[in-house]
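The values are calculated or read from the model by the stated rules, or taken from the named source; none is laboratory data. Owing to the predicted nature of the structure, the values given are computational and were not obtained by experimental measurement. Counting neighbours? That spans all protein chains shown, and the Cβs are built from the backbone with ideal geometry, glycine included.
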Amino acid sequence: MRTSNGGRKSKGERELLGTRPMAPLAHAARLRADELGLTVSDYLATLIAEDLGMQQYAPTQPDPSRVELPIDEVA
């Protein structure tokens, strides 16, 4: 049996928290998450961790040395 060694490292145990903000707030959150290089989920988790004083549970920033490689489209 083959075991997978690829993919990114697990972020550990997670739980889903859902929210349905007003459209302008959701749009602003997406833009800010993009500016910070975070997913919306990681951005919201960071805000929650800061508000609760539990920064040790905040997601870590992406490794700036890991960049997407350019892949040319094959016609």
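Within region 35-66, restricting attention to residues that are of a type in the set (Val, Ile, Thr) and part of a loop (DSSP other than H, G, I, E, B), the residue that is modelled with the highest pLDDT is 39. Among residues of region 22-47 that are at positive phi, those with a Cβ under 8 angstrom from a residue that is assigned to a loop (DSSP other than H, G, I, E, B), sequence gap 6+ or separate chain, pair up as 37/61; 37/62.
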